[in-house]
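The values are calculated or read from the model by the stated rules, or taken from the named source; none is laboratory data. Since this is a predicted model, take the numbers as computed values, not measurements. Reconstructed Cβ throughout: ideal geometry from the backbone, glycine too, with neighbour counts over all protein chains shown. We work out accessible area using only protein heavy atoms, side chains counted, and drop any ligands, DNA or RNA first. Shrake-Rupley method; radii C 1.70, N 1.55, O 1.52, S 1.80 Å.
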Amino acid sequence: AQEIFTIKGEKPKSESTIKINKILDMGTDDTAKFGQIIRVEIEAYKGDTNKKVISAWAEDKKGKRISKQSKASVEEKFTRQKLTLPIQLDPNCDSDFEDGKYIVTAEGLDGSDHESFEAEGITKAQCIEIKANESNKKSDKDSKKEPKAAAEKSDAKNSTKEQTSKENLNNPKN
């Protein structure tokens, strides 16, 4: 005995789609601050593709990124998912970016979408000033600002070097 099955309804679309629904955490004036984390709500439909990764980032009008890339995966074919990805905007410590319009780009599963937003200001709490000391023989004009995390890494390296030097002085080898 044989059984025959029929499936009612539409055949699932084989094309994948990706759409930015909205940008979250923009504040009352719909403007983000440089250095702030914004979240991007994305709706993704994965059709008949083996690709899995969706990436999102912020960039200027010329395509220069002003954030790191955030990623998420969609594993199952023929499924629709809502994803919320965080995007950390660069803190703009050196005032490299002008206040104004920027673009969030979401890309993956053979598709992409873009949404514009406003960004302004400098998040000074994420910037610290590094001044060269006289032992490095650099002038004050060589001092620069850099993100806190980078400065903390270099401080950790320097303190390790200083500690090693002190140990060598205390334990001289004959």
Report summary line: The condition of being among the aromatic types (Phe, Trp, Tyr), at pLDDT below 95 and buried (at least 18 other Cβ atoms within 10 Å of the Cβ) holds, among PHE34, PHE78, only for PHE34
Report task. For VAL53, state whether it is within 14 Å of LYS19 (Cβ to Cβ) and among the β-branched types (Val, Ile, Thr). Result -> no
Query - Selected residue (only one of ASP48, ASP96, ASP25, ASP110 is in contact with a strand residue (DSSP E or B) (Cβ under 6 Å, 6 or more places away or on another chain) and at pLDDT below 95) - result: ASP25
Query raised in the report: Just checking, which of GLN88, GLN81 is assigned to a strand (DSSP E or B) and within 15 Å of GLU43 (Cβ to Cβ)?
Result: GLN81
Query - Residue list for the range 37-51, filter: touching a residue at least 40 places away in the same chain (Cβ under 8 Å), over 30 Å from ASN92 (Cβ atoms) and open to solvent by 90 Å² or more (accessible area, probe 1.4 Å) - result: LYS51
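Give the residues of the range 53-63 that are over 16 Å from ILE38 (Cα atoms) and at pLDDT 95 or above, sorted by residue number.
Let us first name the residues in the range 53-63 that are over 16 Å from ILE38 (Cα atoms), namely 53-54, 61-63.
Scanning the range 53-63 gives VAL53, ILE54.
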Query raised in the report: Of all residues in the range 103-127 being without any contact (Cβ under 8 Å) to a residue 60 or more places away in the chain and not hydrophobic (A, V, I, L, M, F, W, C), which is most open to solvent (accessible area, probe 1.4 Å)?
Result: LYS124
Query - Test result for GLU15, without any contact (Cβ under 8 Å) to a residue 24 or more places away in the chain, among the acidic types (Asp, Glu) and open to solvent by 70 Å² or more (accessible area, probe 1.4 Å) - result: no
